[in-house]
Amino acid sequence: MKWPKAIRAEAAGENIFPLRVPFGRPATTEDFGAVSQKIEVLALSPYPWRIEWEVVKTRKWGRQNWPLAVYFDSIESLAAGIGADEELAHTRNALAGARAVCPALEPWLRLNAHRIARYTESWAGLVEVCAYFAANPRPNCYPRQVPIAVHSKFIESNTGILRELLDAVIPAPERENATPFAERFGLLVEPPQLRFKFLDRQLQIAAGWPVAEASVPVSELREIVWHIPRILVVENRDVFLCLPPLAGTLGVWGSGKAASILGQLPWLCGSEIVYWGDCDEAGFSILSTLRSVFPQVRSALMDLNTWKRWRHFAVPGNRDRAAHSDSLTSEEKEVLAAVIAGPWLLEQERIPSREADVALRAAIGLKNNVE
């Protein structure tokens, strides 16, 4: 397609016109009447192009005039010929505005002008963000606090294209060589929090913690040295809220980040850790990752008996191409194979709470009575 090339040349101030666009040879399997009608329409069309003709000899049709190529003398004629007049006008206005507001975007504009039309609605805001970061390479504030006239979620909603634009605007020495968007461009992020609750009142008293349930920045928990016999990690919030009393146990809401969060707490190395997640590819991947950090991790309600008993509650799931299963047991891998075959998703909250409570107590070696 010649259009992207023409738009990039426009942005770079290069002249590629007159531009020749060749036609392919006619296929003799086509209906000659339909082909000749198309050629006639092309010849009589009012568009500002020039047609180069040649005589084509075929066994089926004999000698015929065939359009060899079309020539466009300007980008305006090309835009008119392909119905891109509005796109050309918008791109020209966008280029002029970007150059006036944020000159540092020039290298990106020259290479990517053909993509500007994808961001018609957000382009002005994207340029404003780039101009601000060009003047303030490391704002040290939260994304919604950046003082520009866009809606508060604009930066968070456009991190993909903004990462590309800001990489072009901000010199490498002034930005971090980091993958997360906020860290790369000097923005603040909420520190990771660990939400937990004591499932044993005596354990809470021994730990000297004033409330049964809390959410605390992980950085602060690193400073606390607790001796917790058992950690029970669950993924679903509602399941976490309904956990039963369990002797010697601290319940943790993993919310998909169990490995990265708990891995920052070295005092957990001496604790028994039990993980209960969804029976799907993502759930088993979280289990595998957590076990690679803490080899002592055991799973609960992610075994064959659980799958066979409650699989009628499973719904169609999604494949997780980033998932891995290196640290799973053979039985866990067997269940994983069953859920991938769907793929299926058996969410942990689908299992009736009374049944789950009994299974949890059995999994961690407690008698099935009220703790």
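Here are the numbers:
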| read-out | value |
| --- | --- |
| Low-density loop cleavage sites - GluC sites (Glu not before Pro) in segment 205-280, where at most 10 other Cβ are within 10 Å (DSSP) | E223 |
| Descending principal axes extents, segment 88-184, alpha-carbon based, whole Å | 37, 28, 21 |
| Cα pair distances of the chain binned at 20 Å [whole percent] | 21, 31, 29, 16, 3 |
| DSSP bridge pairs, the chain: antiparallel proportion in percent, nearest 5 | 70 percent |
| Cβ-derived FRET efficiency at R0 22 Å, S74 paired with K5, nearest 0.05 | 0.95 |
| Segment 286-371 - Rg and Dmax from Cα coordinates, angstrom | 13.7, 42 |
| Among the listed pairs K153/K257; K197/K257; K257/K333; K5/K153, those beyond 25 Å (Cα-Cα) | K5/K153 |
| Dipole moment magnitude, nearest 20 debye, segment 193-363 about Cα centre, only Lys, Arg, Asp, Glu C-beta charged | 120 debye |
| Segment 193-363 - Debye-derived log10 I(q)/I(0), Cα point model, q = 0.10, 0.14, 0.15, 0.17 Å⁻¹ | -0.36, -0.70, -0.80, -1.02 |
| Anchor K2: aspartates and glutamates whose Cα lies under 18 Å away (excluding residues fewer than 8 positions away in-chain) | E10, E14, E52, D73, E76, D85, E86, E87 |
| For segment 85-94, Karplus couplings with θ = phi - 60° (6.51, -1.76, 1.60), whole Hz, Gly/Pro x | 4, 5, 5, 4, 5, 5, 5, 4, 5, 5 |
| Whole-Hz ³J(HN,Hα) from phi, Karplus 6.51 cos²θ - 1.76 cosθ + 1.60, for segment 117-131, glycine and proline x | 4, 5, 10, 3, 6, 10, 4, 4, x, 4, 5, 4, 4, 4, 5 |
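Laboratory data are not the source of any read-out in this text; all were calculated from the coordinates shown. Computed from a predicted model, the values in this text were never measured in an experiment. Please note: Cβ atoms are built from the backbone with ideal geometry, for glycine as well, and neighbour counts cover all protein chains shown.
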